[in-house]
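> What follows is a structure written as structure tokens; I'll ask about it next.
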């Protein structure tokens with residue numbers, strides 16, 4: 001079981017490269033500054049691509065989770081999603097600094113984002129089978145910390161080996177941004193090398209059945225899961241709350257590097273350094289809360305994190321000085337990981353063992369079914385006011401809304417009460 005736990009945590013380490021290099025700090029900033037006509041247009045286009053990806057994820061996550069549950073195919077379906085991610089991320093190397101490559105880049109990023117979220121459904125469903133319920137929070141948070149550290153190491157390699165050297169190493173042409181584009185090749189290799197163990201060493205919890213039978217059983221399971229959600233008030237309220245605060249968090253992640261580049265004039269190297277700093281504080285935050293969550297409860301961790309994120313995001317939108325942006329931005333990292341990892345723990349406690357992937361499909365759905373609203377609202381407001389600062393203000397609205405709804409959830413973690421866990 002130790003080998004299975006290590007493989008599970010290693011996947012968090014692997015996908016840190018995608019979230020940091022592609023989604024947030026490097027390629028996103030390169031797209032807005034180097035590929036699109038101007039940063040505001042780039043932010044709007046990027047938001048549109050993320051919105052489209054979110055819509056697809058909302059449609060496929062729950063059915064695929066149900067099929068994986070009944071077919072005993074979480075590992076091969078996860079492996080397929082990882083392969084799609086690797087291919088799409090590597091393909092971003094060919095996105096040249098020309099406006100004509102914008103659509104090509106957006107298509108690949110959107111496909112990679114869909115594969116990333118689908119993979120997460122199967123990956124998260126593996127968590128409850130690895131440790132006892134009273135240690136779920138700790139393992140979830142440690143996995144999240146591993147993701148930040150993995151992203152940090154990958155970002156550091158990108159900075160030292162590819163972005164900073166001038167002249168660039170390996171004969172890369174800086175005039176064509178090849179030193180920046182090459183970071184996607186490194187990220188793809190990172191995903192491939194560190195992502196595969198989870199597909200081999202984490203055991204399946206269901207007996208494998210033929211695809212046709214699995215699909216039929218998955219449809220039945222999907223109906224049962226949706227019925228159970230309607231009957232469980234705490235679960236229903238939690239998922240609705242997550243609709244809102246994940247919109248805010250997803251938008252914050254997707255546009256943090258873009259905002260730094262557009263509003264504070266930070267180039268690719270400076271955004272990369274900021275990303276490294278933010279990743280360090282995020283890893284520290286996840287490690288700190290790893291030892292608190294099993295004592296104060298997952299819901300309390302999420303609420304504390306959302307309140308702090310709201311205050312810090314407001315500060316970032318108000319400051320004009322780059323130094324204060326750095327201070328507030330790095331502080332945000334402390335609460336990002338705990339908000340997400342504790343949410344994953346709540347879902348793991350609530351999900352029945354035989355239906356975990358389907359429930360985590362709902363979990364992904366709650367983070368994506370309205371996931372297009374954040375980027376879409378940001379895109380529309382940024383375009384209307386031609387201001388990234390105005391567009392980023394929508395993040396605060398989503399964070400506050402999610403925190404308010406979560407406050408009404410009566411869920412308590414297993415360490416906080418003597419009675420048996422219930423979802424009704």
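The values are calculated or read from the model by the stated rules, or taken from the named source; none is laboratory data. Computed from a predicted structure; not experimentally measured. For neighbour counting, all protein chains shown are included, and Cβ atoms are generated from backbone atoms with ideal geometry for every residue, glycine included.
> What are the pairs, 6+ residues apart or on separate chains, where a residue within the range 243-269 that is within 14 Å of residue 40 (Cα to Cα) has its Cβ under 7 Å from a residue that is not in a helix (DSSP H, G or I)?
What qualifies is 260/266.
> Quick one: how many residues across the range 303-317 are closer than 20 Å to residue 238 by Cα and modelled with pLDDT under 90?
Of the residues in that region, 0 qualify.
> Assuming residue 279 fulfils every condition listed in (1) buried (at least 19 other Cβ atoms within 10 Å of the Cβ); (2) within 26 Å of residue 139 (Cβ to Cβ); (3) modelled with pLDDT of 85 or more apart from one, which condition is it?
Failing condition for residue 279: (3).
> Take residue 56 and decide whether it is part of a helix (DSSP H, G or I) and either under 21 Å from residue 181 (Cα atoms) or in contact with a strand residue (DSSP E or B) (Cβ under 9 Å, 6 or more places away or on another chain) (or both).
It is false that residue 56 is part of a helix (DSSP H, G or I) and either under 21 Å from residue 181 (Cα atoms) or in contact with a strand residue (DSSP E or B) (Cβ under 9 Å, 6 or more places away or on another chain) (or both).
> Looking at residue 155, is it in a helix (DSSP H, G or I), at pLDDT below 90 and under 24 Å from residue 101 (Cβ atoms)?
yes
> Right, something else. If you go through the range 352-375 one residue at a time, do you hit one that is at pLDDT 80 or above, assigned to a helix (DSSP H, G or I) and touching a helix residue (DSSP H, G or I) at 6+ places or on another chain (Cβ under 8 Å)?
The answer is no; no qualifying residue exists.
> Restricting to the range 257-273, count the residues that are closer than 23 Å to residue 307 by Cα and either outside any helix (DSSP H, G or I) or at pLDDT 75 or above (or both).
Going through the range 257-273 one residue at a time, the tally reaches 2.
> Given 145, 102, which one is surrounded by fewer than 23 Cβ atoms within 10 Å (Cβ to Cβ), part of a helix (DSSP H, G or I), touching a residue at least 40 places away in the same chain (Cβ under 8 Å) and out of contact with any strand residue (DSSP E or B) (no Cβ under 7 Å at 6 or more places or on another chain)?
From the options 145, 102, the qualifying one is 102.
For (1) free of Cβ contacts under 8 Å to residues at least 40 places away in the same chain; (2) farther than 30 Å from residue 179 by Cα; (3) over 20 Å from the mean Cα position of the chain (by Cα), each residue gets a yes or a no:
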site	(1), (2), (3)
281	no, no, no
287	no, yes, no
294	no, yes, yes
297	no, yes, yes
309	no, yes, no
312	yes, yes, no
328	yes, no, yes
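> Considering the range 164-188 alone, what residues qualify as being surrounded by fewer than 23 Cβ atoms within 10 Å (Cβ to Cβ), in a helix (DSSP H, G or I) and without any contact (Cβ under 8 Å) to a residue 24 or more places away in the chain?
Result: 169, 170, 171, 174, 175, 178.
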